[in-house]
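The values are calculated or read from the model by the stated rules, or taken from the named source; none is laboratory data. Everything quoted here is computed from the prediction, not taken from an experiment. Backbone-built Cβ (ideal geometry, glycine too); neighbour counts: all protein chains shown.
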Amino acid sequence: MPEWDAELMLRVREGDEASFSLLLERHRNPVIHFLYRMVQNQAVAEELAQEVFLRVYRSRETYEPTAKFTTWLFRIATHLALNWIRDHRNERQQTSLDGEVLEGAARQVADRVPSIEQRLVRNARLAEIRTAIETLPAKQRAAVLMHKYEELDYTQIAQVLECSESAVKSLLFRAYETLRLRLARFAG
Amino acid sequence: MHIGNSVANGLPGGDFHKCPLQLDGETGIFLKWMEGSLSPEESALLERHAGLCPACRSIMQEHQAVWSALDVWEPGEVSPDFNRNLYAAIDRERRLPWWKRALAWVSPLPVRPAVPLATSCLLLLAVLLFQSPVSPDFKTKQAGIYERVDVEQVDRSLDDLNLLRELHEELKLESAAAENL
Ligand SMILES: [Zn+2]
């Protein structure tokens with residue numbers, strides 16, 4: 001009995017377009033959010049996500065549920081994100097942390113009406129977090145983002161990154177250790 | 001994961017450098033504690049140890065701070081045009097001639113200049129396909145190697161072959177039509 005997502009994908013294979021819409025609704029935001037945190041640019045994240053879902057649609061006729069749908073989906077997304085990061089490595093070093101940082105942070109705290117000082121502190125912390133994530137090696141970054149935000153388990157992350165579970169544990173250990181050392185003062 | 005009593009009880013004299021939990025290979029325990037995958041008993045033992053071991057306490061506080069700090073980072077709003085743009089792209093692709101769809105398949109990203117290589121690969125595939133028809137157990141064989149080969153490569157290859165089969169059919173229809181004229 002295939003999982004629900006795989007079932008939907010099999011229906012898409014049979015020509016049921018409504019099932020594709022359902023899959024899109026279920027997975028659109030997690031995929032875009034993951035890509036956004038990988039490339040740290042909303043427009044690029046959406047462009048890559050378009051490509052992810054286009055590839056899902058293109059694959060409908062040959063789809064076989066041999067892996068969990070989410071794993072397959074994040075494998076496509078990660079592959080595209082890693083390619084993009086590789087191709088734009090030099091540009092990113094110059095343009096990281098643009099105006100998006102402050103807009104994003106300000107929007108989150110607007111409801112609670114924080115003081116200007118609180119907002120500045122929070123924005124500065126957010127900028128540090130983003131920089132710390134961005135400076136992780138790309139595979140470590142992908143592993144942390146899937147582990148922390150998308151709640152993929154070690155097995156799934158290993159399948160996405162095409163490595164062993166022990167390699168995933170090692171990637172995560174090194175990544176969180178780097179983040180701890182860079183962001184340790186937040187504990188104060 | 002086993003946390004022995006000596007660890008849970010801390011080390012005499014506050015010698016941080018010799019704490020067993022700080023040694024390579026054992027430090028994965030902090031990750032498990034942070035993500036909440038330790039059993040309640042293991043968590044309680046580790047926390048009891050941290051109460052007595054300042055080094056581990058400090059590391060755990062820092063991990064906790066990082067874990068909470070990451071929660072603050074919310075992604076942006078998704079553009080309201082996302083779905084519309086996607087369906088428009090799907091629709092555009094459906095209306096493309098077969099060879100342009102084939103190029104979209106073999107190009108890793110729309111903006112990357114992989115077309116000459118892709119075209120060569122496609123021509124090579126076309127030659128192979130026309131010379132040796134696909135055997136009936138092709139899909140079974142493909143399913144067998146699915147686990148071992150990159151998912152996308154397999155998907156792409158299968159769809160390239162489908163497109164080439166379509167081309168084969170189109171060419172057959174065209175030549176039949178030409179003969180009827
Ligand atoms: Zn200790």
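Tallying residues that are within 10 Å of chain B (Cβ to nearest Cβ), exposed (fewer than 15 other Cβ atoms within 10 Å of the Cβ) and modelled with pLDDT under 55 within the range A:75-105 yields 1. Scan the range B:65-77 for residues that are of a type outside the set (A, V, I, L, M) and facing another protein chain (nearest Cβ under 7 Å) and the total you get is 4. Condition check for residue A:149 on (1) buried (at least 19 other Cβ atoms within 10 Å of the Cβ); (2) within 12 Å of chain B (Cβ to nearest Cβ); (3) in contact with a Lys or Arg (Cβ under 7 Å, 6 or more places away or on another chain): one failure, at (1). If the condition is being part of a helix (DSSP H, G or I), at the interface with chain B (Cβ under 10 Å from one of its Cβ atoms) and either among the polar types (S, T, N, Q) or surrounded by fewer than 21 Cβ atoms within 10 Å (Cβ to Cβ) (or both), then the range A:61-74 contributes A:61, A:62, A:71.
Among the residues of the range A:9-62, those identified as more than 30 Å from residue A:134 (Cα to Cα) and aromatic (Phe, Trp, Tyr) are A:20, A:57.
Of the residues making up the range A:153-166, none is crowded, with 18+ Cβ neighbours inside 10 Å and not in a helix (DSSP H, G or I).
To keep it simple, each residue is scored yes or no on (1) farther than 19 Å from residue A:176 by Cα; (2) modelled with pLDDT of 90 or more; (3) surrounded by fewer than 16 Cβ atoms within 10 Å (Cβ to Cβ).
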position: B:10; (1), (2), (3): yes, no, no
position: B:14; (1), (2), (3): yes, no, yes
position: B:38; (1), (2), (3): no, yes, no
position: B:44; (1), (2), (3): yes, yes, yes
position: B:54; (1), (2), (3): yes, yes, yes
position: B:64; (1), (2), (3): no, yes, no
position: B:68; (1), (2), (3): no, yes, yes
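Residues in the range A:8-59 that are in contact (Cβ under 8 Å) with a residue 60 or more places away in the chain and at the interface with chain B (Cβ under 9 Å from one of its Cβ atoms) were compared, and the one that is surrounded by the fewest Cβ atoms within 10 Å (Cβ to Cβ) is A:33. Among the residues of the range A:113-152, those identified as more than 23 Å from residue A:181 (Cα to Cα) and part of a helix (DSSP H, G or I) are A:116, A:117, A:118, A:119.
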